[in-house]
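**Student:** Input: one structure, supplied below.
The values are calculated or read from the model by the stated rules, or taken from the named source; none is laboratory data. Every value quoted in this text rests on a predicted model; they were computed, and no experiment measured them. Cβ: placed from backbone, ideal geometry, glycine included. Neighbour counts: every protein chain shown. Side chains included, ligands, DNA and RNA excluded: accessible areas come from the protein's heavy atoms. Shrake-Rupley method; radii C 1.70, N 1.55, O 1.52, S 1.80 Å.
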Amino acid sequence: MRVGYLGPSGTFAEEALRASAPRAVEEVPFATVWETVMAVQERAVDQAVVPIENSLEGSVTTTLDALAGEGSDVRIVAEVVRPITHCLIARNGVELDDVSRVLSHPQALAQCARFLHDRLPDARTEVAASTAEAVRSALDSGEPLAAIGTRLAAELYGGSVLAEGVEDRPDNLTRFVWLARAGTPPHRPPDKTSVVFWGFNDQSPGALVGVLKEFADRDVNLTKIESRPRRVQLGHYMFFADLDGAEDDPPVREALVGLARRVETLRVLGSYPGAAS
């Protein structure tokens, strides 16, 4: 089985893939989250692993937008939650006081904001497509650059770890999801369902309450709900929700039927085993 992930080698996504792969797989790196999702959509890979939510910085919006947009035939088939420990990495010979710029993925930079403010107040930050790409770029540069990434990336690319555990909180966790084409069975029996919906009178007071009543009336627990802009005009949103229960459980199925009557578009992003199951 070919499995895509946010590359290059040495990312947290690769670590999550290796920690949760159901069997031996061929790992295929992609440069961005969007490309990784679309590789499943276009059948370039069988499945893929991407980050979807972090305990410090919230949802990975590029993943949500891809699943709600161009990745219309992609479904979540499993999830895995991983502890995230960030390292500050530079080429050999560069000391902490030498660092002029710090490169990393936007989520990683945000998760380490306090460390950067306290220990590297004069260093500028620069966004990279992934933590591993940031490490490669920093090590290839002739400037005194550093990158926030994994210890695995430092070992793979020959970097020196200037500091470890630079995340703002020690309980830093990221939720990754396994993706596959619609119709692919989940990795284990499902007990969680994720959906996205839009197209109701979302500018009318109380409209969202009425929509969510479909779940409350059937005792379906929403463990998460959040909005993203629909990119049509201000004030119009799509809503992502996670539910306890499988899509085929009678209360969940009835709630989704009721929801579908109220909205223009409802898409089940996946029914899958939660990380704790």
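**Student:** Considering ALA255, ALA154, ALA246, ALA147, which residue is in a strand (DSSP E or B) and either of a type in the set (S, T, N, Q) or over 19 Å from the mean Cα position of the chain (by Cα) (or both)? Let's see the steps before the verdict.
**Tutor:** Values: ALA255 fails: in a strand (DSSP E or B); ALA154 fails: in a strand (DSSP E or B); ALA246 fails: in a strand (DSSP E or B).
None of the other options fit; the residue is ALA147.
**Student:** Among the residues of segment 261-277, what is the count of those that are modelled with pLDDT of 95 or more and of a type in the set (Gly, Ala, Ser)?
**Tutor:** 2
**Student:** Just the residues that are closer than 22 Å to CYS87 by Cα and surrounded by fewer than 24 Cβ atoms within 10 Å (Cβ to Cβ), please, taken from segment 31-50.
**Tutor:** ALA31, THR32
**Student:** Scan segment 12-24 and give yes if some residue there is under 24 Å from GLU70 (Cβ atoms), assigned to a loop (DSSP other than H, G, I, E, B) and open to solvent by less than 50 Å² (accessible area, probe 1.4 Å), otherwise no.
**Tutor:** There is no residue in segment 12-24 that is under 24 Å from GLU70 (Cβ atoms), assigned to a loop (DSSP other than H, G, I, E, B) and open to solvent by less than 50 Å² (accessible area, probe 1.4 Å).
**Student:** List the residue pairs whose Cβ atoms are under 7 Å apart, where the first residue sits in segment 188-217 and is over 14 Å from LEU256 (Cβ atoms) and at pLDDT below 95, the second is surrounded by 13 or more Cβ atoms within 10 Å (Cβ to Cβ) and β-branched (Val, Ile, Thr), and the two are 6 or more positions apart or on different chains.
**Tutor:** From residues that are over 14 Å from LEU256 (Cβ atoms) and at pLDDT below 95, the pairs are TRP198/VAL263; TRP198/THR265; GLY199/VAL263; GLY199/THR265; PHE200/VAL211; PHE200/VAL263.
**Student:** Just one of VAL99, VAL81 is open to solvent by 50 Å² or more (accessible area, probe 1.4 Å) and of a type in the set (A, V, I, L, M); which is it?
**Tutor:** Values: VAL99 fails: open to solvent by 50 Å² or more (accessible area, probe 1.4 Å).
Testing whether each residue is open to solvent by 50 Å² or more (accessible area, probe 1.4 Å) and of a type in the set (A, V, I, L, M) leaves just VAL81.
**Student:** For segment 206-243: of the residues being part of a loop (DSSP other than H, G, I, E, B) and in contact with a strand residue (DSSP E or B) (Cβ under 6 Å, 6 or more places away or on another chain), which is nearest to LEU64 (Cα to Cα)? Let's see the steps before the verdict.
**Tutor:** The first filter runs over segment 206-243 and keeps only residues part of a loop (DSSP other than H, G, I, E, B), leaving 206, 217-221, 230-236.
With the extra rule that they be in contact with a strand residue (DSSP E or B) (Cβ under 6 Å, 6 or more places away or on another chain), the set shrinks to 220-221, 230.
Values: VAL220: 22, ASN221: 21, ARG230: 12 Å.
That would be ARG230.
**Student:** Test ALA134 against the stated conditions and say whether it is open to solvent by less than 40 Å² (accessible area, probe 1.4 Å), within 20 Å of the chain's Cα centre (by Cα) and over 30 Å from ALA241 (Cα atoms). Please lay out each step first, then the result.
**Tutor:** Working: open to solvent by less than 40 Å² (accessible area, probe 1.4 Å): yes; within 20 Å of the chain's Cα centre (by Cα): yes; over 30 Å from ALA241 (Cα atoms): yes.
So ALA134 fits the description; yes.
**Student:** Also: Taking the residues in segment 57-71 that are open to solvent by less than 40 Å² (accessible area, probe 1.4 Å) and of a type in the set (S, T, N, Q) as candidates, determine which candidate is modelled with the highest pLDDT.
**Tutor:** The initial filter retains those residues of segment 57-71 that are open to solvent by less than 40 Å² (accessible area, probe 1.4 Å), namely 58-60, 63-69, 71.
Keeping just the survivors that are of a type in the set (S, T, N, Q) gives 59, 63.
Details: SER59: 93, THR63: 96.
Once the filter is applied, the top-ranked residue is THR63.
**Student:** Moving on. Just give me the residues in segment 245-266 being in contact with a Ser or Thr (Cβ under 9 Å, 6 or more places away or on another chain) and crowded, with 16+ Cβ neighbours inside 10 Å, in sequence order.
**Tutor:** The initial filter retains those residues of segment 245-266 that are in contact with a Ser or Thr (Cβ under 9 Å, 6 or more places away or on another chain), namely 245-249, 252, 256.
The answer is GLY245, ALA246, GLU247, ASP249, VAL252, LEU256.
**Student:** If you take the residues of segment 84-96 that are aliphatic (A, V, I, L, M) and either in a loop (DSSP other than H, G, I, E, B) or open to solvent by less than 10 Å² (accessible area, probe 1.4 Å) (or both), which of them is farthest from GLY58 (Cα to Cα)? Give the derivation first.
**Tutor:** Restricting attention to segment 84-96, the residues satisfying the condition of being aliphatic (A, V, I, L, M) are 84, 88-90, 94, 96.
Subset that is either in a loop (DSSP other than H, G, I, E, B) or open to solvent by less than 10 Å² (accessible area, probe 1.4 Å) (or both): 84, 88-90, 94.
Details: ILE84: 14, LEU88: 22, ILE89: 25, ALA90: 28, VAL94: 33 Å.
Ranking the qualifying residues of segment 84-96, first place goes to VAL94.
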